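See structure below.
The values are calculated or read from the model by the stated rules, or taken from the named source; none is laboratory data. Please read all numbers here as calculations on a predicted model, not as lab measurements. As a convention, Cβ positions derive from the backbone with ideal geometry for all residues, glycine included, and neighbour counts pool all protein chains shown. These accessible areas exclude ligands, DNA and RNA; they are computed on the full protein's heavy atoms, side chains included. Shrake-Rupley method; radii C 1.70, N 1.55, O 1.52, S 1.80 Å.
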Amino acid sequence: MTVSIETPRTLPQRRGVNWEKWGWIYMRASGVVLVVLIFGHLFVNLMVGEGVHAIDFAFVAGKWADPFWVVWDTLLLFLALIHGANGMRTIINDYAQKPGLRKVLSWALLGSTVVLLVLGALVIFTFDPCPAGSPADLLPSFCGDIN
Amino acid sequence: MPEKSAGALADAQPVGRKQAVEQKPQGLRVSGTLYRGREGMWSWVLHRITGVSIFFFLLVHILDTALVRLSPEAYNAVIGAYQTPIMGLGEVGLVGAIGFHALNGLRIILVDFWSVGTRHQRLMFWLVWVLWAVLMIGFTPRHLMNVFGG
Ligand code: HEM
């Protein structure tokens, strides 16, 4: 009778993409970029000029009239929300022991993340800085030239 | 780790370490499996708490910003809530949480990728707090002047 013994020190063959590894890399790559994006965002919105008091509809419209800030805010939306959601996924997997609960929480997280990404992108890319019928004193000054 | 394996590894420990371990008062032992980590544990705890807090703020922040698509009046009404004194103090807490998470995140990345990062992780933990203090000293007075200065 022959007994075949598996060769020692061979790891089981894994197939396909190692998603956990790419998630791990994403947390670090996005983290480095987010340092620049978030502190730039906080500095321009809270430290320059009157800070938080200056923020209103006209302020946002003025920023998004510049493609630079459209790109900045879009990157911020996607990188931060996906980074945060993937971090929350780690935490759900750490604490939600029951498979049913883990499934519910994970799907709720995925669903809310996708909804907010789509909503945020739609808001940025369908934004109208001079909505018809709005009082002129709430609008950015450049609306006067257009209407 | 050194504390637990002290018995088995005593001979392999450098003299200074060995003495430090032996001088540890035995009466302070906690039974069971309570993990009492040092700087590394607290950096993890705080990184997790700040990460979750920022995540929930971001959910709300995307929704309030989405009101620019509804009407200038709706957006201005909601953003007005961010300009009250209480929210102004909350923003100091938010920036403090983001500041720690960002700086400690960079520390984690250095521990992972810098060849001597693990050796300096404790020093870098305290460096995070130094840089955090600099950040908050720069941010807080100016922000509170904006909030309370009218
Ligand atoms: C400011 C720049 C940021 C940096 C440098 C950064 C860095 C990191 C790093 C390196 C990790 C660890 C990942 C791991 O252990 O594998 C992490 C985890 C996490 N981050 Fe961030 N992050 C930043 C911003 C954010 C933002 C904006 C959010 C929220 C939307 C967030 C939420 C989280 C969460 C929830 C975790 C998981 C914590 C855990 O597993 O204990 N981070 N971050």
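Computed quantities for the displayed model
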read-out: Length gained when the stretch A:Thr7-A:Phe39 is fully extended (0.36 nm per residue, less Cα-Cα span); value: 6.2 nm
read-out: Low-density loop positions, trypsin sites (Lys or Arg not before Pro), the stretch B:118-150 - DSSP coil, at most 11 other Cβ in 10 Å; value: B:Arg119
read-out: Compactness relative to 2.2 N^0.38 Å, alpha carbon Rg of the stretch B:39-147; value: 1.31
read-out: Within 10 Å of each Cβ in A:74-86, the average number of Cβ atoms from other chains; value: 2
read-out: Shielding of B:70-81 by partner chains, average beta-carbon count, 10 Å; value: 4
read-out: For the stretch A:128-134, Karplus couplings with θ = phi - 60° (6.51, -1.76, 1.60), whole Hz, Gly/Pro x; value: 10, x, 10, x, 4, x, 8
read-out: Two-decimal ratio, the protein assembly as shown, of alpha-carbon radius of gyration to 2.2 N^0.38 Å; value: 1.32
read-out: Residue-normalised accessible area of the protein assembly as shown, given per residue in Å² at a 1.4 Å probe; value: 64
read-out: Where Rh is the Kirkwood radius over Cα pairs, Rg/Rh for the stretch A:24-146; value: 1.09
read-out: Contour excess over end-to-end distance, with Cα ends at B:Arg36 and B:Met136 and 0.36 nm allotted per residue; value: 33.1 nm
read-out: Length added when fully stretched, A:Leu110-A:Phe125, from 0.36 nm per residue minus Cα-Cα; value: 3.2 nm
read-out: Within a Gaussian network of chain A (alpha carbon springs, distance under 10 Å), most fluctuating of A:Ile38, A:Ile91, A:Ile82; value: A:Ile91
read-out: Protein accessible surface hidden between B and A, which excludes ligands and nucleic acids, total in Å², probe 1.4 Å; value: 3400
read-out: The stretch A:24-146: relative contact order as a whole-number percent, Cα under 8 Å and 6+ apart; value: 32
